[in-house]
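The values are calculated or read from the model by the stated rules, or taken from the named source; none is laboratory data. Everything quoted here is computed from the prediction, not taken from an experiment. Cβ placement follows ideal geometry from the backbone for every residue including glycine, while neighbour counts extend to all protein chains displayed. Accessible surface areas use protein heavy atoms only, side chains included; no ligands, DNA or RNA. Shrake-Rupley method; radii C 1.70, N 1.55, O 1.52, S 1.80 Å.
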Amino acid sequence: MSRDVRRNRAQGFATRAIHLGYDPAEHDGALTPPIYMTSTYALESAEQGAAIFRGEEPGYVYGRTKNPTQAILEERLASLEGAEAGMTAASGMGAISSVMLTLLSPGDEVVIDHTLYGNTFALFTQGLTKLGITARPADFTRPETLADKISERTKVVFFETPANPNLRVIDIAEVSRLAHRVGAKVVVDNTFATPVLQRPIEFGADIVVHSGTKYLGGHGDLLAGIVVGSADMVKQVRGSGLRWMTGATLSPFNCFLMLRGLKTLEVRVERHAASALKVARELERHPRIASISYPGLESFPQFDLAQRQMAGSGGGLISFELDGGLETGMAFMNHLSLITRAVSLGDAETLIQHPASMTHAVVSRDDRLRHGISDGLLRLSIGLENVDDILDDLDQALSAL
Ligand SMILES: *Cc1c(COP(=O)(O)O)cnc(C)c1O
């Protein structure tokens, strides 16, 4: 198979996740991309070094901004998200902060959705405020209310869909349309849906970020972040955000692990989502469940939008509350035996956590309640175990209450 054939973007998602951007013939036939563990690069001449630094010649000079193992991963991720270019970072927070420090200046405003991953919410409301950047939270599930918040001062509109942890779904096309009217950039955190189910750029978003720690890595063994967008935008984020603002570079070894994870991304996400739908249907029927949020259930408030935007799938996460609130929720978590009490998500293992005391503890209680994160809410990340075993464990823990 020639390299030209391999670079053809018309190939299917899984094929590109396995092959794109790598030709074994260029690496002594090695099936798997080599890990370039190097911090710096030998330059052929002083003149060549200067030309690379000036951006007049392609090439590698220093590991904080570029590495050949990373380059394969970045090309692959960009293709999977339908973007021109990609950049990796040391964590999801490293990716998001590299983008924001590139796009924003003192006096600028950011409009953010109410519900964000706890530390992202803290970045906007506690971190960037120190630099004179104002964050305006809004309810993005009601785009008609955004007209009041988005103004000429708005430089960035940021949201997650489905949102962490309550899985609210946001209309990417509609919010992008409103943001672009004032020239704001739309940045979407696509961690929960993954590009298997949803590619925000196809709906009008400008930049997509990820915590690659979750489904993209998929095995609970690395931290990573991703940024994809136009070639020009990614060049800016790499050249300032990553290069001299955060320095949050992904290690070549973690690039290798993520390349390995990507090979099974499509089959994993399909299995996560099929099992999650079965579990959500069972939980919804259980008398001890007070409320449940899963985008693939007909009872989900934005079911039609979720179906349209997420390729007819609900994804792999479920949020729910038991009838006794927090106390019952904690007792339930302690009765589980197969399901692991842990933050993070998207791993082979089914994980459960309590957002109010864990991932969203950095958000004030008032803000949490305003944002639909009740004290008793539990978040379940459905793993790749046999679904009957997941169901049995949930059942025995519910019966033990
Ligand atoms: C985990 C998470 C992040 C942060 O990513 P890290 O890799 O932990 O830094 C950002 N957004 C969402 C939606 C997440 O779940």
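Check Val237, Val196, Val188 and return the single one that is away from the ligand (no atom under 15 Å from the Cβ), of a type in the set (A, V, I, L, M), touching a residue at least 24 places away in the same chain (Cβ under 8 Å) and closer than 26 Å to Gly127 by Cα. Spell out how you get there, then give the answer.
Details: Val196 fails: closer than 26 Å to Gly127 by Cα; Val188 fails: away from the ligand (no atom under 15 Å from the Cβ).
From the options Val237, Val196, Val188, the qualifying one is Val237.
Applying a threshold of 6 Å to beta carbon distances and a minimum spacing of six or more residues, or different chains, the list of pairs starting in the range 22-49 at a residue that is in contact (Cβ under 8 Å) with a residue 40 or more places away in the chain and ending at one that is open to solvent by 40 Å² or more (accessible area, probe 1.4 Å) reads Ile35/Phe253; Ile35/Phe256.
Name the residues in the range 336-379 that are charged (D, E, K, R) and either within 18 Å of the chain's Cα centre (by Cα) or open to solvent by 30 Å² or more (accessible area, probe 1.4 Å) (or both), would you? Reasoning before the result, please.
Within the range 336-379, the first condition is being charged (D, E, K, R), and the residues that meet it are 341, 347, 349, 365-368, 370, 375, 379.
Those that are charged (D, E, K, R) and either within 18 Å of the chain's Cα centre (by Cα) or open to solvent by 30 Å² or more (accessible area, probe 1.4 Å) (or both): Arg341, Asp347, Glu349, Arg365, Asp366, Asp367, Arg370, Asp375, Arg379.
The residues of the range 111-163 that are open to solvent by less than 20 Å² (accessible area, probe 1.4 Å) and aromatic (Phe, Trp, Tyr), listed by number, are Phe121, Phe124, Phe140, Phe158, Phe159.
Of all the numbered requirements in (1) buried (at least 17 other Cβ atoms within 10 Å of the Cβ); (2) at positive phi, Leu262 misses one, and that requirement is (2).
Looking only at the range 256-273, decide whether some residue is of a type in the set (Phe, Trp, Tyr), without any contact (Cβ under 8 Å) to a residue 60 or more places away in the chain and touching a Pro at 6+ places or on another chain (Cβ under 8 Å). Step through it out loud before you land on a result.
Going residue by residue through the range 256-273, those that are of a type in the set (Phe, Trp, Tyr) are 256.
Keeping just the survivors that are without any contact (Cβ under 8 Å) to a residue 60 or more places away in the chain gives none.
No: the range 256-273 contains no residue that is of a type in the set (Phe, Trp, Tyr), without any contact (Cβ under 8 Å) to a residue 60 or more places away in the chain and touching a Pro at 6+ places or on another chain (Cβ under 8 Å).
For the range 89-109, a residue qualifies if it is crowded, with 24+ Cβ neighbours inside 10 Å, aliphatic (A, V, I, L, M) and more than 9 Å from the ligand (Cβ to nearest atom), and the qualifying residues are Val99, Met100.
When you check Val169 against the structure, is it within 16 Å of the ligand (Cβ to nearest atom) and over 30 Å from Glu321 (Cα atoms), yes or no?
On the way: within 16 Å of the ligand (Cβ to nearest atom): yes; over 30 Å from Glu321 (Cα atoms): no.
When the stated conditions are applied, Val169 does not pass them.
Under the condition of being surrounded by 17 or more Cβ atoms within 10 Å (Cβ to Cβ) and of a type in the set (S, T, N, Q), the residues counted in the range 319-335 number 2. Scanning the range 199-234 for residues that are small (Gly, Ala, Ser) and either within 12 Å of the ligand (Cβ to nearest atom) or open to solvent by 20 Å² or more (accessible area, probe 1.4 Å) (or both) yields Gly204, Ser211, Gly212, Gly217, Gly220, Ala224, Gly225, Ser230, Ala231.
Among the residues making up the range 265-318, those that are open to solvent by 10 Å² or more (accessible area, probe 1.4 Å) and on the phi > 0 side of the Ramachandran plot are Ala311, Gly312.
Evaluation of His272 against the conditions (1) of a type outside the set (A, V, I, L, M); (2) closer than 25 Å to Thr15 by Cβ; (3) outside any helix (DSSP H, G or I) shows that the sole unmet condition is (3). The residue pairs whose first member lies in the range 308-322 and is closer than 10 Å to Ala276 by Cα, whose second member is assigned to a strand (DSSP E or B) and among the hydrophobic types (A, V, I, L, M, F, W, C), and whose beta carbons are closer than 9 Å, counting only pairs six or more residues apart or on different chains, are Leu317/Leu380; Ile318/Ile292; Ile318/Leu378; Ile318/Leu380. If you go through the range 186-208 and keep only what is farther than 20 Å from Glu74 by Cβ and touching a strand residue (DSSP E or B) at 6+ places or on another chain (Cβ under 8 Å), you end up with Val186, Phe192, Gly204.
Look at Pro137 and say whether it is in contact (Cβ under 8 Å) with a residue 12 or more places away in the chain, closer than 19 Å to Ser240 by Cα and not in a helix (DSSP H, G or I). So Pro137 fails the test.
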